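**Q** Got a structure for you, questions after.
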Amino acid sequence: MNTLLKSLLLMAMTMSPAMAATGGANIPAIAMFLTFIAGTMVLTFWAARRTHTTSDFYTAGGGITGFQNGLAIAGDYLSAASFLGIAGMVYVSGFDGMIYAVGFLFGWPVVMFLIAERLRNLGRFNFADVTSYRLSQTPMRVLAASASLLIIALYLIAQMVGAGKLIVLLFGLNYNVAVIIVGSLMMIYVTFGGMTATTWVQIIKAVLMLFGATLMAFLVLALFKFSPDAMLAEAVRVHPSGLSIMAPGSQVSSNPLNALSLGIGLAFGTAGLPHILMRFFTVPNAQEARKSVIYASSFIGYFYLLTFIIGFGAVALLVRHPEYFTAGPDGTIDIINGLIGGTNMVAVHLSNAVGGSLLLGFLAAVTFATIVAVVSGLALAGAAAISHDLYANVFARGRATEAQQMRISRLSTVVLGVLAILLGIIFENQNVAFMVGLAFAIAASANFPVLVLSIAWRGCTTRGATIGGFLGLASATIWVVLSKTVWVDVFGFAESIVPFPNPGIFSIPLAFIAIWLFSVLDNSKQAVKERQAFDALRVRSETGLGATTAVAH
């Protein structure tokens, strides 16, 4: 920890080009960064004293209320992609950038009406407990862990890239060192504090982010006398694309199938994200789980309205501040490609433009808190997949002690932290919202079909769920690898093999059809027993009878 603090102090003593342009080191940013880190370290120490069992580590003992969990879900969900990525996409593409925001938000009714209460009634720690309730433990947990770890890896890329870029912009630190700092903090929070520390970091961060985004939107609109029309008119006037930024553009017109595929993936991906689904086990009962979704949906929907104002406000206002751009050889400024730090840093630059160094410091600290909180939630979900699903229930076949599970969980957290650092370095130049979109597509292709059909369809069998889930996982993953995002941008090949990068329109129906087909064709004795067990599952999932009610410590 001493090494980490020394690195942070070194970071605070450096100065980025953007800071030089605004007159020196941003003292408020440095102070708020260090205050947040110190505060969360104290919180982690407090949580570590309350974390003794696997239930404490994974679900905070089930003692989180619906309102608290709604804020924590919002904190977990409103990631770097939501704030940095969507604002950047609106800045570049205008109205097109809102496709991501609408897709992210649309998934919550699916979660609320299809799975939230059933999930809490059927499971203990994660959604693999639910899928294996009446289906065979080993194949279901291997599938859930495989899909979860891949989704977590993609999601981690977005968070680590956002964090690294932010610290580079503010402090001029080497990008690789910045990513290492974020990964180290995440390992400390999760390894020692578990879900309790992670939850409270997410709650605090959600409150700060909602306040900061509200203040930014208010200041932007104030400059246009609270006239959205005036703001949008100015954005149209200065943007290189002109009026076309107010209409569906390249996301839809260039490839309608890709836009549809993206929308499907975002809509159903939320219900398959392991770190989001895990949050429903932190509340004491199913009623609180439903309240969590209602509160979370309200907070998230409100926030996405603010990103619309922030993105278009940045287009209208940043052009007035040439210090945020790198001029070309002829002295001209490209407001899209010339932005210091890239388009992911649009919101950060705008905060300085409308609120000065104080707002910049506050927003930078909140964004940093956002990323660390989300990364911690992802690491916790990954640790659960490795320790609870693979180690305890597959390799040890239920014979692992709590002490052994806790040891494996903490070791897994360290391994995932190292993986997050490496992925953040490799994918440095990817748009963070796009990377999260790919994670959603895989979640919608692998986890969502298995989860829904296992709890809602009597005919679902282990054979069908396993084959369909792995087909969805494999097809979505292979599609992503063969797309421009990986095949061209990462591997360096001249052309991609698949026509567009989002696999949802192909992989999601494939998974559903395969689960149905191989379940219908399965007439084994095991399949008969699994169908007979559906009635007991339905009663428990809809009434909560037999479900363990968690008690706060």
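The values are calculated or read from the model by the stated rules, or taken from the named source; none is laboratory data. The shown structure was predicted, so the numbers you read here are calculated from the model rather than taken from an experiment. In this analysis, Cβ positions are derived from the backbone assuming ideal geometry, glycine residues included, and neighbour counts consider all displayed protein chains.
**Q** Among what's in the stretch 495-520 and is free of Cβ contacts under 8 Å to residues at least 24 places away in the same chain and of a type outside the set (Ser, Thr, Tyr), pick the residue that is surrounded by the fewest Cβ atoms within 10 Å (Cβ to Cβ).
**A** Looking at residues that are free of Cβ contacts under 8 Å to residues at least 24 places away in the same chain and of a type outside the set (Ser, Thr, Tyr), I get 495.
**Q** Mind checking which residues of the stretch 293-338 are under 15 Å from residue 78 (Cβ atoms), of a type in the set (A, V, I, L, M, F, W, C) and surrounded by fewer than 17 Cβ atoms within 10 Å (Cβ to Cβ)?
**A** Once the filter is applied, which keeps residues that are under 15 Å from residue 78 (Cβ atoms), of a type in the set (A, V, I, L, M, F, W, C) and surrounded by fewer than 17 Cβ atoms within 10 Å (Cβ to Cβ), the stretch 293-338 yields only 305.
**Q** If you take the residues of the stretch 169-224 that are touching an Asp or Glu at 6+ places or on another chain (Cβ under 7 Å) and closer than 16 Å to residue 159 by Cβ, which of them is surrounded by the fewest Cβ atoms within 10 Å (Cβ to Cβ)?
**A** 175
**Q** When you check residue 271 against the structure, is it under 21 Å from the mean Cα position of the chain (by Cα), in a helix (DSSP H, G or I), closer than 23 Å to residue 442 by Cβ and modelled with pLDDT of 85 or more, yes or no?
**A** Considered against the rule, which asks whether it is under 21 Å from the mean Cα position of the chain (by Cα), in a helix (DSSP H, G or I), closer than 23 Å to residue 442 by Cβ and modelled with pLDDT of 85 or more, residue 271 comes out as yes.
**Q** Against the conditions (1) in contact with a helix residue (DSSP H, G or I) (Cβ under 6 Å, 6 or more places away or on another chain); (2) farther than 22 Å from residue 145 by Cβ, where does residue 475 fall short? Just the number, please.
**A** (2)
**Q** Further question on the same structure: Hey, can you tell me all the residues within the stretch 389-424 that are surrounded by fewer than 14 Cβ atoms within 10 Å (Cβ to Cβ) and part of a loop (DSSP other than H, G, I, E, B)?
**A** Across the stretch 389-424, the qualifying residues are 397, 398, 399, 401.
**Q** Select from the stretch 274-303 the residues that are among the polar types (S, T, N, Q) and either part of a helix (DSSP H, G or I) or in contact with an Asp or Glu (Cβ under 7 Å, 6 or more places away or on another chain) (or both) and list them in ascending order.
**A** Correct list: 287, 292, 297, 298.
**Q** Could you please find all residues in the stretch 461-493 being among the hydroxyl-bearing types (Ser, Thr, Tyr) and closer than 18 Å to residue 524 by Cβ? Walk me through it before giving the result.
**A** Of the residues in the stretch 461-493, the ones among the hydroxyl-bearing types (Ser, Thr, Tyr) are 461-462, 466, 475, 477, 483, 485.
Passing the criteria: 461, 462, 466.
**Q** Among (1) in a helix (DSSP H, G or I); (2) closer than 27 Å to residue 164 by Cβ, which single condition is residue 335 missing?
**A** (1)
**Q** Also, I was wondering about something else. I'd like the residue in the stretch 521-530 that is of a type outside the set (A, V, I, L, M, F, W, C) and crowded, with 17+ Cβ neighbours inside 10 Å and, out of all such residues, is nearest to residue 472 (Cα to Cα).
**A** Looking at residues that are of a type outside the set (A, V, I, L, M, F, W, C) and crowded, with 17+ Cβ neighbours inside 10 Å, I get 522.
**Q** What's the number of the condition residue 374 fails, among (1) in a helix (DSSP H, G or I); (2) surrounded by fewer than 24 Cβ atoms within 10 Å (Cβ to Cβ)?
**A** In the conditions (1) in a helix (DSSP H, G or I); (2) surrounded by fewer than 24 Cβ atoms within 10 Å (Cβ to Cβ), residue 374 misses (2) alone.
**Q** Please go through (1) in a helix (DSSP H, G or I); (2) at pLDDT 90 or above; (3) touching a helix residue (DSSP H, G or I) at 6+ places or on another chain (Cβ under 8 Å) for residue 487 and return the number of the only condition it doesn't satisfy.
**A** Failing condition for residue 487: (2).
**Q** Moving on to the next point. Looking at residue 341 and the list (1) within 30 Å of residue 63 (Cβ to Cβ); (2) surrounded by fewer than 24 Cβ atoms within 10 Å (Cβ to Cβ); (3) of a type outside the set (Lys, Arg), which single condition is not satisfied?
**A** Only one criterion in (1) within 30 Å of residue 63 (Cβ to Cβ); (2) surrounded by fewer than 24 Cβ atoms within 10 Å (Cβ to Cβ); (3) of a type outside the set (Lys, Arg) is unmet by residue 341, namely (1).
**Q** List the residue pairs whose Cβ atoms are under 7 Å apart, where the first residue sits in the stretch 405-423 and is more than 15 Å from residue 389 (Cα to Cα) and without any contact (Cβ under 8 Å) to a residue 60 or more places away in the chain, the second is among the aromatic types (Phe, Trp, Tyr) and in a helix (DSSP H, G or I), and the two are 6 or more positions apart or on different chains.
**A** none
**Q** What number of residues within the stretch 490-508 satisfy the criterion of being over 22 Å from the mean Cα position of the chain (by Cα) and either at pLDDT below 85 or more than 20 Å from residue 272 (Cβ to Cβ) (or both)? Spell out how you get there, then give the answer.
**A** First, the residues of the stretch 490-508 that are over 22 Å from the mean Cα position of the chain (by Cα): 491-500, 506.
Within this subset, residues satisfying the condition of being either at pLDDT below 85 or more than 20 Å from residue 272 (Cβ to Cβ) (or both) are 491-500.
Number of matching residues: 10.
**Q** Would you kindly identify the helices (runs of 4 or more DSSP H) lying entirely within the stretch 46-147 that contain at least 1 residues that are surrounded by fewer than 24 Cβ atoms within 10 Å (Cβ to Cβ), within 22 Å of the chain's Cα centre (by Cα) and modelled with pLDDT under 80?
**A** Filter on the stretch 46-147 gives 98-110.
**Q** Answer yes if at least one residue in the stretch 307-317 is of a type outside the set (Gly, Ala, Ser), part of a loop (DSSP other than H, G, I, E, B) and over 30 Å from residue 143 (Cα atoms), and no otherwise.
**A** no
**Q** While we're looking at this one, here's another question. Since residue 480 meets every condition but one in (1) assigned to a helix (DSSP H, G or I); (2) modelled with pLDDT of 90 or more, which condition does it not meet?
**A** All conditions are met except number (2).
**Q** Still on this structure, I have one more. With the structure loaded, tell me whether residue 318 is in contact with a His (Cβ under 7 Å, 6 or more places away or on another chain) and over 27 Å from residue 35 (Cβ atoms) or whether it fails that test.
**A** Here the answer is yes, as residue 318 does meet what is asked.
**Q** Would you point out the residue of the stretch 471-494, among those that are of a type outside the set (Phe, Trp, Tyr), out of contact with any Leu (no Cβ under 8 Å at 6 or more places or on another chain) and surrounded by 20 or more Cβ atoms within 10 Å (Cβ to Cβ), that is nearest to residue 447 (Cα to Cα)?
**A** Among residues in the stretch 471-494 that are of a type outside the set (Phe, Trp, Tyr), out of contact with any Leu (no Cβ under 8 Å at 6 or more places or on another chain) and surrounded by 20 or more Cβ atoms within 10 Å (Cβ to Cβ), the one nearest to residue 447 (Cα to Cα) is 476.
**Q** Residue 62: within 22 Å of residue 48 (Cβ to Cβ) and in contact (Cβ under 8 Å) with a residue 40 or more places away in the chain, yes or no?
**A** On the way: within 22 Å of residue 48 (Cβ to Cβ): yes; in contact (Cβ under 8 Å) with a residue 40 or more places away in the chain: yes.
Spelling it out, residue 62 is indeed within 22 Å of residue 48 (Cβ to Cβ) and in contact (Cβ under 8 Å) with a residue 40 or more places away in the chain.
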